[in-house]
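Let me begin by presenting the structure, written as structure tokens, before commenting on it.
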Amino acid sequence: MADADHSLYVLKSDRGIMVITTYVDDLIVGGQNEEEIEHVKSLLKQKFDMKDLGELRYFLGIEGIRVHEGIWLSQ
């Protein structure tokens, strides 16, 4: 990866794409495979004191709404 962004991590596998983005002490874990997302969250919880706030609602003043086509973002 030439231009690495140290706040965005993307994993592409045969089970789909997973994205983890961080800002200070907050992070979003998302992807196409719910089982894989839960697995990654359980691994992170083993290493860090974390609280799962559930489905994305607001992040950095941006509202996230899940729709059939993906996620709709609104400020």
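The values are calculated or read from the model by the stated rules, or taken from the named source; none is laboratory data. Owing to the predicted nature of the structure, the values given are computational and were not obtained by experimental measurement. Note: ideal-geometry Cβ built from the backbone for every residue, glycine included; neighbour counts use all protein chains shown.
Which of the residues that make up region 30-65 are touching a helix residue (DSSP H, G or I) at 6+ places or on another chain (Cβ under 9 Å) and within 22 Å of GLN75 (Cβ to Cβ)?
Selection gives GLY30 alone.
Are any of the residues in region 37-47 touching a strand residue (DSSP E or B) at 6+ places or on another chain (Cβ under 9 Å), among the aliphatic types (A, V, I, L, M), exposed (fewer than 13 other Cβ atoms within 10 Å of the Cβ) and at pLDDT 90 or above?
Checked against the condition, which is being touching a strand residue (DSSP E or B) at 6+ places or on another chain (Cβ under 9 Å), among the aliphatic types (A, V, I, L, M), exposed (fewer than 13 other Cβ atoms within 10 Å of the Cβ) and at pLDDT 90 or above, region 37-47 yields no hits at all.
Out of the residues in region 11-57 that are in a helix (DSSP H, G or I) and either acidic (Asp, Glu) or under 21 Å from VAL67 (Cα atoms) (or both), state the one that is nearest to the chain's Cα centre (by Cα).
ILE37
Spot the failing condition for GLN75; the list is (1) touching a residue at least 12 places away in the same chain (Cβ under 8 Å); (2) surrounded by 12 or more Cβ atoms within 10 Å (Cβ to Cβ), and only one is missed.
(2)
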